[in-house]
């Protein structure tokens, strides 16, 4: 690390400490928006969603636990934080028939329809550009639509803490890190550095590794690494500044494109798929901070085993258990 970087970090820390300690971080004056990512194809769990729904639908649209789908539950969970008129959801065109009935709480203009899934990167970029057009000073909280959270109140408190951090250091992107249950190469790993300011639940990020080998992941866990939940709070303007630095061609193609499926389809034909965590977040740990999720009961529900661990923790026997075992 060079002396300029060290000095910049020290200046950021002093500024953040001043703002946090003097109460200059009240996010009430911030324009908070929510972005719900619902563009995944969900191929890993199609056999399970077929058992539950009678069709191999993406898991965000599946009612795995209770009367709400994972997407509907995500919208319900964040509603106390962000009003529906400031909530955007991004979906794929080929999911429209199943998604629309689950998005009735949102205005039609707040449902961003992309031509197809090109992993998370292009969808996030399209959504950030739309947010910037609507509210250039917006702060955005980003949520995957297909994750599980046991304790919604504690989860919302975590988001509020992240809002305060971003209000104090608007040049940083705040991530929510979950305590790893085990070494798993399917997750991103965030290695926290020093505390941003004394007493605050916000840490600089020493390293961000997306989907390392299991042995590497085990070593990172021993050094205190957290799972990346892909829950994020940041200033939209700052996210776009950094995206222009690492994905300039994509930004140039999309920033003047109308939010219209046909117009986007022409541009999407010229884009390569890329993952937001691997292609963006992992490349700039110096611009990140991480807060601990604590005991919110988070899981990405990316596998049948992950779902069943969550259900076992609340004493629920999966209703499909017998059917899957018998198959």
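A compact table of results
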{"read-out": "Qualifying residue in segment 46-60 (condition: under 23 Å from residue 108 (Cα atoms), at pLDDT 95 or above and part of a helix (DSSP H, G or I))", "value": "yes"}
{"read-out": "Filter pass, residue 255 being under 29 Å from residue 81 (Cα atoms), surrounded by fewer than 19 Cβ atoms within 10 Å (Cβ to Cβ), at pLDDT 95 or above and under 20 Å from the mean Cα position of the chain (by Cα)", "value": "no"}
{"read-out": "Qualifying residue in segment 20-35 (condition: crowded, with 22+ Cβ neighbours inside 10 Å, touching a helix residue (DSSP H, G or I) at 6+ places or on another chain (Cβ under 9 Å) and either under 23 Å from residue 116 (Cα atoms) or modelled with pLDDT under 95 (or both))", "value": "yes"}
{"read-out": "Where residue 244 falls short, out of the listed (1) crowded, with 16+ Cβ neighbours inside 10 Å; (2) at pLDDT 95 or above; (3) touching a helix residue (DSSP H, G or I) at 6+ places or on another chain (Cβ under 8 Å)", "value": "(1)"}
{"read-out": "Residue list for segment 257-274, filter: closer than 20 Å to residue 109 by Cα, in a loop (DSSP other than H, G, I, E, B) and touching a helix residue (DSSP H, G or I) at 6+ places or on another chain (Cβ under 9 Å)", "value": "257, 258, 259"}
{"read-out": "Residues that are part of a loop (DSSP other than H, G, I, E, B) and touching a residue at least 40 places away in the same chain (Cβ under 8 Å), drawn from segment 166-183", "value": "169, 170, 171, 172, 179, 180, 181"}
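The values are calculated or read from the model by the stated rules, or taken from the named source; none is laboratory data. Quick caveat, the model's predicted, so the values are computed rather than measured. Neighbour counts are summed over all protein chains in view; Cβ atoms, including those assigned to glycine, are modelled from backbone coordinates with ideal geometry.
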